[in-house]
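Data first, discussion second: the structure below is written as structure tokens.
The values are calculated or read from the model by the stated rules, or taken from the named source; none is laboratory data. It should be emphasised that the depicted structure is a prediction, and the values quoted were computed from it without experimental measurement. For neighbour counting, all protein chains shown are included, and Cβ atoms are generated from backbone atoms with ideal geometry for every residue, glycine included.
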Amino acid sequence: MVKNRHDLDRSIPEISFAAPAGTPAGVEVLSLADLCHRVPGERLTVPQRPDFHHLITLADGMLRHTVDFTAYALEPGSWLWVRPGQVQQWGDLTHAEGTLILFRQDFLDPATTAGARTEDPHAPILRRPLPDDEAALRLAADHLTAEFHALGHLPLEIHTSALRHLLAVLVLRLAHLTASSGDPAPEPDAAYLRFRDAVEKDFARTRRVEDYADALGYSARTLSRATLATAGLGAKEFIDRRVVLEAKRLLAHSDGTAARIAGRLGFSSATHFSKYFHQRTGQSPIAFRDTVRGHTPR
């Protein structure tokens, strides 16, 4: 399933996809019980950063799973989607029964990748589908699971193609769940999408809403309204959260000094960065690093 790349200046493992021998490269389906048997518990419970997608769904029990330093509670019928580059940490799997689907970004065809927005770093992580969607997702997952375990019944090339199509059905349905009103979830506002993409590109260059407004041709008020309507928070808070997330990733994944990380994120000094981080998290950068690594804070 996975292999670790150990790096001297990294404390959280980088995880790369490695298909089991004899199976199609790019996708794997296994039960959570299989995962427990294959990977020691101490390796599962430490933070890790995979470069491939994880889809997790439960049939019974409950699971707490942390993604990008936020804890999520999965219940039967819910789905959790961890995307490449996000930091995850498994909770206790003792009382959880379910399915884990792993796939590389390039396993899906471009049309599916675009339609399912698989590269969207802001897509919801935890999804709780309505009953009709839940049944359709369960059917799609069961079909994918059955095909994955039917290796040898078809030529490998045909088997791989079938898996690609079945996975496409699952991710497209998961990305376009029905809203609680009974209608498909509305598409995000265009101004928000442009702002979101601009922040993803330039958050280390500027944290000022006015700079994004000028670059995109909107007023700062328009961007704030669009972001509030779609993401539930103002434009400045949206920028700050993205900066803090990147800071947490850098603190967790490297031994870089506060000054070095400050420079990566566009701060004028380590002092300015530390004050900014503390105001938004309640911790100093070093205290956060010690906490996420399981060390006693200094």
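Quick one: is Arg164 among the basic types (Lys, Arg), over 13 Å from Ile56 (Cα atoms) and in a helix (DSSP H, G or I)? Taking the combined requirement at face value, the residue satisfies it. Scanning the range 26-43 for any residue that is in a strand (DSSP E or B), out of contact with any His (no Cβ under 6 Å at 6 or more places or on another chain) and surrounded by fewer than 20 Cβ atoms within 10 Å (Cβ to Cβ) turns up at least one such residue. When you scan the range 76-89, do you find a residue that is over 12 Å from the mean Cα position of the chain (by Cα) and exposed (fewer than 14 other Cβ atoms within 10 Å of the Cβ), even just one? Checked against the condition, which is being over 12 Å from the mean Cα position of the chain (by Cα) and exposed (fewer than 14 other Cβ atoms within 10 Å of the Cβ), the range 76-89 yields no hits at all. The residues of the range 51-64 that are buried (at least 19 other Cβ atoms within 10 Å of the Cβ) and out of contact with any Lys or Arg (no Cβ under 9 Å at 6 or more places or on another chain), listed by number, are Leu55, Ile56, Leu58, Leu63.
Evaluate the following for Gly232: is it surrounded by fewer than 19 Cβ atoms within 10 Å (Cβ to Cβ), of a type in the set (Gly, Ala, Ser) and closer than 18 Å to Thr66 by Cα? Judged against the criteria, Gly232 is not a match. Annotation note: of Asp240, Asp290, the sole residue that is surrounded by fewer than 20 Cβ atoms within 10 Å (Cβ to Cβ) and touching a residue at least 24 places away in the same chain (Cβ under 8 Å) is Asp240. Whenever a residue of the range 148-165 is assigned by TED's automatic domain parsing to the domain that holds Ala19, its partners that are surrounded by 15 or more Cβ atoms within 10 Å (Cβ to Cβ) and of a type in the set (D, E, K, R), lying with C-beta atoms within less than 9 angstrom and at least six residues away or across chains, give the pairs Phe148/Glu28; His153/Glu147; Leu154/Glu147; His159/Glu147; Ala162/Glu147; Leu163/Glu147. Of the residues Asp106, Asp92, Asp133, the single one that is among the acidic types (Asp, Glu), exposed (fewer than 14 other Cβ atoms within 10 Å of the Cβ) and not in a loop (DSSP other than H, G, I, E, B) is Asp106. Checking Thr57, Thr70, Thr66, Thr112 one by one, the residue that is in contact with a helix residue (DSSP H, G or I) (Cβ under 6 Å, 6 or more places away or on another chain) and in the same structural domain as Thr160 (by TED's automatic domain parsing) is Thr112 and no other.
Applying the set (1) assigned to a loop (DSSP other than H, G, I, E, B); (2) buried (at least 16 other Cβ atoms within 10 Å of the Cβ); (3) among the aliphatic types (A, V, I, L, M) to Ile261 leaves exactly one unmet item: (1). Just one of the listed residues (Thr23, Thr112, Thr99) is in contact with a Lys or Arg (Cβ under 9 Å, 6 or more places away or on another chain), more than 30 Å from Arg289 (Cβ to Cβ) and touching a residue at least 60 places away in the same chain (Cβ under 8 Å), namely Thr112. Scanning the range 209-233 for residues that are in contact (Cβ under 8 Å) with a residue 24 or more places away in the chain and under 21 Å from Phe277 (Cβ atoms) returns a single hit, Val209.
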